[in-house]
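The values are calculated or read from the model by the stated rules, or taken from the named source; none is laboratory data. Only a predicted model underlies this, so the values are computations on that prediction, with no experimental measurement involved. Just the protein is used for accessible areas: all its heavy atoms, side chains included, with ligands, DNA and RNA removed. Shrake-Rupley method; radii C 1.70, N 1.55, O 1.52, S 1.80 Å.
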Amino acid sequence: MICKQSANATLAAALVCLLPAAAWAAPNDGASEPVDAMALYNQGAAVVQDTRELSLAAGAQQIGWPVAGRLRTDTLWLQGTGVRLTGFAASTQSDAAADPLAARIGQSVTLVRDDGTSPADQREATLVSASAEAVYVRVDGRIERLTAASPWQITWPVDGSTTQSGGLNLELEADKAGSTPVTATYQIDGPSWQASYTGRFDASTGHLSLVSMAVIDNSGGAHLAADKAWLVAGDIARAGRGGMPQPMMMARSEAKMADSAPEAAGDTYRYQLDEPLDVPAGGVRAVSLMAPLGFDATRRYRFTHGWYDDGRDGARDHAEIRLSFDNDSDRPLPAGVVRVYDGAAEARLMGSDQINDTPTGAPVTLTLGRSFDITSSRQIVSDDAANDGAHERTVKLTLHNAGAQPAAVDVIEQLPQGATIVSSSIGQQKDTPANTGTWSIDLAADSQRQLIYTVRWPDNA
């Protein structure tokens, strides 16, 4: 392994490690005694709470305290009866200096090749894991494997902002000698989680079955182990370096089963795991988030056209496939990807979409792709100026259903400012938004229908 110091305009110094694959050492998993409680945030980072029985002398003293991850040193909070924190020093794992690559797991790195002066010769990545045979990095949403034959080398800056996995040397003042419980609450970098949903839709009954999993990604340099753990969903205030969540207390009496309703915690929701948390450094674990849910869902198809979509002779648009339902369960749905399979056929994926944090009672609409069979063609029939200086345009849409099942189709036409539809071959929906034409049209199997409408708008629009 070759390491050398370098500098640039923004950093006083950077440690550049050019590591052939044969020299990469396997990271120390750092498996240790579980902490009492841990809350993982879907935005990234975690809050740790741990209580230990300390044997203290009266007066000033120093006590060692292990840390379950990469500590954010400005987040430490300590509580103990008759005990005051007067200062502390953070230390890294003993193997971090000998193996800086292992200590960098879960953090950003830069991949360079050749001399790295060209933008094409630099790539930003996240280090996922390292072993004697290969290093894995996350680049642009995918995992790549680097070996001795790879042209890329790994570099990162030394900025002193983050303490690696290790421990604390606490400076304490105790009112009296004796054994007393002391609780530490702090934040660590690296771990995160996201919801992942798998659904099955039965078009004949309109029933959507939804199963949810929580995927915990421990992109950190330390083993995650906690007797109790919560997954926290919601958008919390983020202040300070790195935008980490503020510390919070997690009382021992707050335990809830994973299949019960999630616990409201301020403006977020917490989902408790029904088993202790145990995820190795750089590992991924999926756990059940809640019991399976069922919804009454509706599949519809949609065409949306802008005012200047003139269309081309013979050109066809394919309709969006949209699946809608109301979250009428007693479970808020954390943000995540929903993948829906077709219950009418074997091994058929209808599509997938991302949902935001969805409270109970809120509507959900999934856009699952575009239909092969439901298409439309759009044509401007006439575009004239009226005698009073206003404009009139007539548009014809031909909707096609080449499938064997009927389809419910929504047509959305964006109109100019102040426009009014003066005639339409198919009745519009009521309460349509301003400057918008909206139609709901039933298409029989293997059929087509035409929608012809005329719109009028003032000259100054």
Ignoring ligands and nucleic acids, what accessible area does SER196 show with a 1.4 Å probe (Å², nearest 10)? 30 Å²
Accessible surface ranking that places the most exposed of THR205, THR51, THR454 first, with a 1.4 angstrom probe: THR205, THR51, THR454
Going by a ≥ b ≥ c, the root eigenvalues of the Cα gyration tensor, does the range 342-461 fall in the rounded group (a/c under 1.5), the prolate group (a/b larger than b/c) or the oblate group? oblate
Quick one: ranking TYR308, TYR341, TYR186 by accessible area, 1.4 Å probe, largest first, what do you get? TYR308, TYR341, TYR186
Using a cut-off of 18 Å between alpha-carbon atoms, which aspartates and glutamates can reach LYS228, once sequence neighbours fewer than 8 places away in the same chain are excluded? GLU33, ASP36, ASP50, ASP217, GLU254, ASP259, GLU263, ASP274, GLU275, ASP278
Could you tell me the largest-minus-smallest coordinate of the C-alpha atoms of the range 278-418 on each of the three principal axes, in descending order and whole angstroms? 75, 36, 33
Using only C-alpha positions, report the orientation-averaged shadow area of the convex hull of the range 412-456, nm², one decimal. 3.3 nm²
